[in-house]
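Peer 1: Submitted below is the structure of interest, expressed as structure tokens.
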């Protein structure tokens, strides 16, 4: 083998590419950088998809959830309607309020307990669902952080020569930084 063949085998042989490895000390590999960026973007999109995904639910669950959303607006609009009725038909309103005044106190206590338990249970359920979703998002974020750390470790392992550990680069910097 001639001198040129030996030189080419030295630069490109043995499964290594000394030129590429040397250039990657000064400039990152564009293809590997794009691959890492694509993996990072895919992981972020996966996290967003998992965070905002709605669970699969049947028609009955959706109907009951819709019915559970009615009491608060009905109470609010009903109260506003009472004000409108009091202004529009004061005699009619006064007759209805006399009927309400005849309701025994025990029924008012029962009504208060039912409304309190309903809204309290709904609040507790929503709060627990929120905490469960937050715990799932936190667990997913930890998995992504671990994958990113592993990716950074692999990237560091792939770089054979760090720029600061290269004696030729240090010598060149020393000459040109004066």
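Peer 1: With everything on Cα atoms, drop me the angle between helix 30-52 and the longest principal axis of the chain, reported from 0 to 90° to the nearest 10.
Peer 2: 10 degrees
Peer 1: So what is the 222 nm mean residue ellipticity for the chain from helices alone, if each DSSP H run of at least 4 adds -39500 (n - 2.57) and you divide by all residues, rounding to the nearest 500 deg cm²/dmol? List each step's numbers first, then the result.
Peer 2: Details: 8 runs with 146 residues, N = 178.
Theoretical 222 nm ellipticity from helices: -28000 deg cm²/dmol.
Peer 1: Compute the distance in nm between two label points, each set 7 Å from the Cα along the Cα-to-Cβ direction, one at residue 22 and one at residue 45.
Peer 2: With each label point 7 Å from Cα toward Cβ, the separation is 4.0 nm.
Peer 1: Further, regarding this structure: Assuming R0 = 45 Å, what is the FRET efficiency of residue 54 and residue 169, from their Cβ-Cβ distance, to the nearest 0.05? Walk me through the numbers before you get to the answer.
Peer 2: Numbers: r = 54 Å, r/R0 = 1.20.
Computed FRET efficiency for residue 54 and residue 169: 0.25.
Peer 1: Related question: Relative to the first principal axis of the alpha-carbon coordinates of the chain, what is the inclination of helix 90-101, with its axis defined by its Cα atoms, in degrees from 0 to 90 and to the nearest 10?
Peer 2: The angle comes out at about 90 degrees.
Peer 1: Related question: Note the angle between two axes, namely the Cα long axis of helix 3-12 and the longest principal axis of the Cα atoms of the chain, as a number of degrees from 0 to 90, rounded to the nearest 10.
Peer 2: Long axis of 3-12 versus the principal axis of the chain: about 20 degrees.
Peer 1: How much length is gained if the chain between residue 114 and residue 98 is pulled fully straight, taking 0.36 nm per residue apart and subtracting their Cα-Cα distance, in nm to one decimal? Walk me through the numbers before you get to the answer.
Peer 2: Details: separation 16, 0.36 × 16 = 5.76 nm, distance 2.31 nm.
So the chain would gain 3.4 nm between residue 114 and residue 98.
Peer 1: For residue 142 and residue 37 in one chain, what is 0.36 nm times their gap in residues minus the Cα-Cα distance, to one decimal in nm? The partial results should precede the final answer.
Peer 2: Details: separation 105, 0.36 × 105 = 37.80 nm, distance 1.88 nm.
Net length gain for the segment: 35.9 nm.
Peer 1: When you count, for each residue, the other Cβ atoms within 10 Å and take the mean per peptide, how do 28-35, 54-61 rank with the highest first? The partial results should precede the final answer.
Peer 2: On the way: 28-35: 11.4, 54-61: 7.6.
Descending mean neighbour count gives 28-35, 54-61.
Peer 1: Rounded, prolate or oblate for the range 61-111? Axes are the square roots of the Cα gyration tensor eigenvalues, ordered a ≥ b ≥ c, and the cut-off for rounded is a/c under 1.5.
Peer 2: On the way: a/c = 4.09, a/b = 1.49, b/c = 2.74.
Here the range 61-111 falls in the oblate category.
Peer 1: Normalised by the residues of the chain, what does the relative contact order come to in percent, with Cα pairs under 8 Å and at least six apart?
Peer 2: Numbers: 27 pairs, mean separation 64.2, N = 178.
Once divided by the residue count of the chain, the mean separation gives 36 percent.
Peer 1: Something else now. Given [x] 24.9; [y] 18.8; [z] 16.8 as candidate values of Kirkwood radius over Cα pairs in Å, which corresponds to the one derived from the coordinates?
Peer 2: After the calculation, the listed value that fits is [x].
Rule-based calculations on the coordinates, nothing more; no lab input. All values derive from a computational prediction rather than experimental measurement. Every residue, glycine as well, gets a Cβ built from its backbone with ideal geometry; the counts of neighbours run over all protein chains shown.
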